[in-house]
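J.: Mind having a look at this structure? Questions to follow.
Readers should treat all values here as calculations from the given coordinates under stated rules, not as data from a laboratory. Since we're looking at a predicted model, the values are computed, not measured. Virtual Cβ from ideal backbone geometry, glycine too; neighbours counted across all protein chains shown.
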Amino acid sequence: MQNIYKNRSFNPIYRFAKLNMLMYFLPTIDMRKHKLINILKTFTSDEMKNFGLFINSPYFNRKRNFKPFYTILKKYHPDYPDEEFTGEKLYRRIYPDIEFDKKKVSLNIRVLYSQMTNLALRFLAYERLKQDDSFLINLAGVASLRHKQFIDLALKTHETISEALDTCVKGPEYYHNRFTANTVFTDLLMLQDKNTNPFKHERNNLLYLYAYMFNNLAGYLNDASISRVNKNAKTNGVELAKSLIKAFNPESFESECEADRFETINITIFNYYVIKSWLDLNDRESVFKALDYFYKLFQNAPPIFQFISLERLFNLLMRYRRIDRIYSVKINEVIDLAWGKGVYGADKYGYLEVHPFLNVLIIKLFLLSTSDVKKYIDVYIEKLEPKYRKDVLNFSMAYICFKERQFGNCLEFLIKKDDFEPLIRKDKYKLKICSLFEQGFYEESKYAAESFEQYLKRNKKELGPGFHIQIRFLKAFKYISALKFQHAKANVVNPIEVFNLSPFTIDGAWVNEKINEMNMGV
């Protein structure tokens, strides 16, 4: 017979030694920083109350009585001070009738935390399903009725689901839900074996299938494009996606499908052209087609579709902005339309985000007078989340001063502290370098450039593809510095092409201007 004790996991001596070792180390585990506490800190008062009902329900929890532990958690919600959540304090409160044993404390508390964390995760999933996707729960009920052969009752329940879909706030999930509901309805009618219904629900079902498919594909290409570049990841299936899009005929789609009340046809064709543009960098015609359909859908589409379409079109136009001035003009027009209608985010009452605010600011600085840009700042700075307004205002005024060639004032705004992330702070570095150079502080601008280079290297991962653009700017600046002190020949005919910087950005325009000045001996 094989000696199973050769396998250490079966060896009782090994297991005893391992348990003692575990007991030795467990008391050092800080349960105050456990993920359970981090999860519970996000719970509202109502969610915490419902969580108590959830864990006390024998249907959801049959393992143990968590009420003593929950009572403590609720008492200190949402702060959970460290001094109240040491292992010894929790153990004495939860097990007041059991003699305190230091070796058992951490193991018992660890198990308790682990089980309560699993319940918290299940509770969150159930709450999300209950609140945001009651459709799936109701459809599961229809499937159960069908399985039990209650076809008439299943049809009646399905009718209620369908009516709810017609009256709900339309979002991207509507396409999937409507297509699924119609397919289930067809199945139920066939089981009922009645020919009285002409299956009207099937008439537009392919519309919802295409809408769902193109919406998801456009969303994927939009959201994942930067991630793929950052991680240098290869995406399979691109050629297949191109074949799918090539086979689709938007004119036939528009003529064969019936229009509905919330612009499904225009939204679907808009996404089709967005997909075409993302799949082919040279297909600029599709960019303008997408723009045309954006204007068509924007008037009557539900708010969530207005924002999703705005976001995708904005990102698409930003990708082409370095190529031609017209794309900056179109971004400005689209933003004026959408933000003028109050479409700032997916949430109707949500704040405008910092990144799009500053991106649009830079575009407007390139296109408009500073007085018009100041009007933009005055209107939309109030749409930002309050904690960002002061920092964004200082940065915006630095840009204004730079455009008005008030470089000293620009530097005063730039030295103010902020909580910006690397993607934004990189632009502060560039403005500082250029302003110092313009003020005649050449050594200081050189040190600022060196500091910027180190900053870029430290934050390379966060900057993603933007890292290489900033490195090209630094190369251009070093060349300008060399020209200034006649350490290089002024033989750059087209500096923008040489350094691969866009002439339609603040820093690209500045590089172009400086090299041209020096070439002319200014």
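J.: Mind running the shape call on the stretch 356-417? Use the C-alpha gyration tensor, a ≥ b ≥ c as the square roots of the eigenvalues: rounded below 1.5 for a/c, prolate if a/b tops b/c, oblate otherwise. Write down the numbers at each step before the final one.
T.: Numbers: a/c = 2.09, a/b = 1.09, b/c = 1.91.
Since a/c reaches 1.5 but b/c is at least a/b, the shape of the stretch 356-417 is classed as oblate.
J.: Right, something else. What distance in nm lies between label points placed 7 Å from Cα along the C-beta direction at R458 and K475?
T.: Those two pseudo-labels are separated by 2.5 nm.
J.: Next up: Quick one: which of 502-508, 137-143 comes out on top by average Cβ neighbours within 10 Å, and what's the full order, highest first?
T.: Numbers: 502-508: 19.4, 137-143: 15.1.
Top to bottom by mean Cβ count within 10 Å: 502-508, 137-143.
J.: If a paramagnetic tag sat 7 Å from the Cα of F199 along the Cα-Cβ line, which residues of the stretch 140-182 would have the backbone N under 17 Å from that point?
T.: Of the residues in the stretch 140-182, 179-182 have backbone N under 17 Å from the label point off F199.
J.: Could you list the residues of the stretch 262-282 with an amide nitrogen less than 13 Å from a label point located 7 Å from the Cα of N300 in the Cα-to-C-beta direction?
T.: Correct set: 262-267.
J.: Cα to Cα, under 30 Å, and not fewer than 8 places away if on the same chain: which lysines meet these conditions relative to K484?
T.: K403, K416, K426, K428, K430, K432, K446, K457, K460, K475, K514
J.: Take the alpha carbon gyration tensor of the stretch 243-371, find the square roots of its eigenvalues, order them as a ≥ b ≥ c, and report rounded if a/c is under 1.5; if not, report prolate when a/b exceeds b/c, else oblate.
T.: Values: a/c = 2.34, a/b = 1.36, b/c = 1.72.
Because a/c hits 1.5 or more and a/b fails to exceed b/c, the stretch 243-371 counts as oblate.
J.: Mind checking the full-extension length gain between A143 and D79? Use 0.36 nm per residue of separation minus the Cα-Cα distance, one decimal, nm.
T.: Values: separation 64, 0.36 × 64 = 23.04 nm, distance 4.37 nm.
The span from A143 to D79 would gain 18.7 nm if fully extended.
J.: Which one of T71, L107, S45 is farthest out on the positive end of the charge dipole of the stretch 45-110, using unit charges on Cβ (Lys, Arg +1; Asp, Glu -1) and the Cα centre as origin?
T.: L107
J.: Okay, next question. Taking the highest mean first, how do the peptides 153-160, 43-50 order by number of other beta carbon atoms within 10 angstrom per residue? Show your work: numbers first, answer last.
T.: On the way: 153-160: 16.8, 43-50: 13.5.
Result, highest mean Cβ count within 10 Å first: 153-160, 43-50.
J.: I need the shape label for the stretch 134-203. Rule: rounded when a/c is under 1.5, else prolate if a/b > b/c, else oblate, with a, b, c from the alpha carbon gyration tensor.
T.: oblate
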